[in-house]
Amino acid sequence: MLNRLSKNLRRQRVHTRIRRRARGRGAMPRLSVYRSLKHIYVQVVDDASDQTLVSASSLDKEVRKTMKTGGNVAAAKAVGQILAARAKAAGLAEVVFDRSGYVYHGRVKALADAAREGGLKF
């Protein structure tokens with residue numbers, strides 16, 4: 001009998017493997033992505049002090065004004081641009097990208113590309 005894992009459990013296992021390598025430190029914090037069906041959330045975390053330095057999501061007022069829904073590539077691009085602006089304002093230039101076990105495609109890729117265009121270095 002095959003032991004089939006749910007998609008989310010498989011993603012969580014991949015995320016655990018990624019987190020073994022990707023640690024956010026003071027000079028280079030971790031950019032963590034979470035995506036649900038309706039929204040996308042991203043935060044820059046300093047793992048050494050267990051603090052969220054900057055965050056953005058498709059629930060922010062800036063995104064909701066322009067987007068009809070938060071679960072598409074356009075919303076992910078907007079969230080990436082907002083995050084990059086907030087990170088630059090906080091004095092952050094470089095981050096470690098943590099895709100949280102999601103495939104680097106679609107919304108996750110759009111968010112990362114928009115953050116890079118906004119001035120963040122991965």
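Quick notes on this structure:
- Nitroxide proxy distance, nm - points 7 Å out along Cα→Cβ at His105 and Met28: 2.8
- Under 26 Å from Lys88, Cα to Cα: lysines that are on another chain or at least 8 residues apart: Lys61, Lys65, Lys77, Lys109, Lys121
- Long-range amide H partners of Val54 with built H, under 5 Å: Val44
- Scalar couplings 3J(HN,Hα) for region 50-64, obtained by applying the Karplus form with A = 6.51, B = -1.76, C = 1.60 to θ = phi - 60°, are 6, 10, 8, 8, 9, 9, 7, 7, 6, 8, 4, 4, 4, 7, 5 Hz; x denotes Gly and Pro.
- Measuring between their Cα centroids, region 52-112 and region 31-48 lie 8 Å from each other.
- Taking amide H positions as modeled 1.01 Å from N, with prolines and chain starts lacking one, the residues under 5 Å from Ser100 and 5 or more places away or on another chain are Val33.
- Three-way shape label, region 44-122, alpha-carbon gyration tensor, a/c 1.5: prolate
- Once the C-beta distance of Arg21 and Lys121 is scaled by a Förster radius of 25 Å, the resulting FRET efficiency is 0.90 to the nearest 0.05.
Taken together, the values in this text are just the output of simple stated rules run on the coordinates, not laboratory data. These numbers were taken from a predicted model, which means no experiment stands behind them. Neighbour counts are summed over all protein chains in view; Cβ atoms, including those assigned to glycine, are modelled from backbone coordinates with ideal geometry.
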